[in-house]
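What follows is a short report on a single structure.
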Amino acid sequence: QVQLVESGGGSVQTGGSLRLSCASSGIIFSDSCTAWFRQLPGNQRERVASIDAYGMTTYADSVKGRFTVSQDVSKITLYLSMDSLKPEDAAMYYCAATRRWRACDSDFAYWGQGTQVTVSS
């Protein structure tokens with residue numbers, strides 16, 4: 001059984017930084033595409049950043065240069081380092097993973113429960 005558990009959310013001021021973590025069990029990230037999404041109530045879920053099985057990263061234009069997605073050496077923890085945070089970055093952040101050997105344009109089969117990020121101006 002695959003489980004993803006996010007942590008690291010919180011409240012920061014504009015310009016601040018946070019580092020989100022996603023701990024996994026039952027899956028090795030190096031076999032899958034993993035990603036961070038965010039969602040505001042009533043809005044669609046937006047993919048923020050992803051890293052595929054080859055280590056290639058992609059970012060939404062809105063976060064390029066400010067956010068960095070990475071994995072630990074053991075490939076069981078996913079991170080999202082967020083710098084220069086803006087009020088528009090405030091949302092619930094979710095980590096997700098595809099099934100093994102699926103590309104990042106596949107459906108994400110596994111989701112965490114989310115961690116809240118609040119950015120005050």
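Residues are listed down the side, and each one gets a yes or a no for (1) more than 18 Å from residue 2 (Cα to Cα); (2) open to solvent by 40 Å² or more (accessible area, probe 1.4 Å):
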{"position": "62", "(1), (2)": "yes, yes"}
{"position": "65", "(1), (2)": "yes, yes"}
{"position": "74", "(1), (2)": "no, yes"}
{"position": "85", "(1), (2)": "yes, no"}
{"position": "95", "(1), (2)": "no, no"}
{"position": "105", "(1), (2)": "yes, yes"}
{"position": "116", "(1), (2)": "yes, yes"}
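Do we find a residue being farther than 26 Å from residue 100 by Cα and modelled with pLDDT under 95 anywhere in the stretch 18-35? No, the conditions are met nowhere in the stretch 18-35.
Within the stretch 11-42, restricting attention to residues that are exposed (fewer than 13 other Cβ atoms within 10 Å of the Cβ) and of a type in the set (Gly, Ala, Ser), the residue that is farthest from residue 107 (Cα to Cα) is 15. Scanning the stretch 9-46 for residues that are part of a helix (DSSP H, G or I) and either within 12 Å of the chain's Cα centre (by Cα) or of a type in the set (S, T, N, Q) (or both) turns up just one, 30.
Taken over the stretch 75-121, the residue count meeting the criterion of being in contact with a Phe, Trp or Tyr (Cβ under 9 Å, 6 or more places away or on another chain), modelled with pLDDT under 95 and closer than 14 Å to residue 46 by Cα is 0.
Remark: pairs (first residue in the stretch 57-69, touching a residue at least 40 places away in the same chain (Cβ under 8 Å); second residue of a type in the set (Val, Ile, Thr) and part of a strand (DSSP E or B); Cβ separation under 7 Å; 6+ apart in sequence or on different chains) are absent. For the stretch 73-94, a residue qualifies if it is among the aliphatic types (A, V, I, L, M) and under 21 Å from residue 113 (Cα atoms), and the qualifying residues are 76, 78, 80, 82, 90, 91, 92. Is there any pair with a first residue in the stretch 72-83 that is at positive phi and a second that is open to solvent by 70 Å² or more (accessible area, probe 1.4 Å) whose Cβ atoms are under 6 Å apart and which are 6 or more apart or on different chains, and what are they? Hits for this filter: 75/28.
Does the stretch 53-74 include one or more residues that are at pLDDT below 95 and assigned to a strand (DSSP E or B)? Within the stretch 53-74, one or more residues are at pLDDT below 95 and assigned to a strand (DSSP E or B). Residue 79 meets all of the listed conditions (1) in a strand (DSSP E or B); (2) closer than 21 Å to residue 121 by Cβ but one, namely (2). Considering (1) more than 16 Å from residue 119 (Cα to Cα); (2) in a strand (DSSP E or B); (3) open to solvent by 20 Å² or more (accessible area, probe 1.4 Å), the lone condition that residue 49 does not fulfil carries the number (3).
The values are calculated or read from the model by the stated rules, or taken from the named source; none is laboratory data. All of these numbers come straight from a predicted model, not from anything done at the bench. FYI the Cβ positions are ideal-geometry reconstructions off the backbone, even for glycines, and counts take in every protein chain you see. For accessibility, only protein heavy atoms count, side chains too; no ligands or nucleic acids. Shrake-Rupley method; radii C 1.70, N 1.55, O 1.52, S 1.80 Å.
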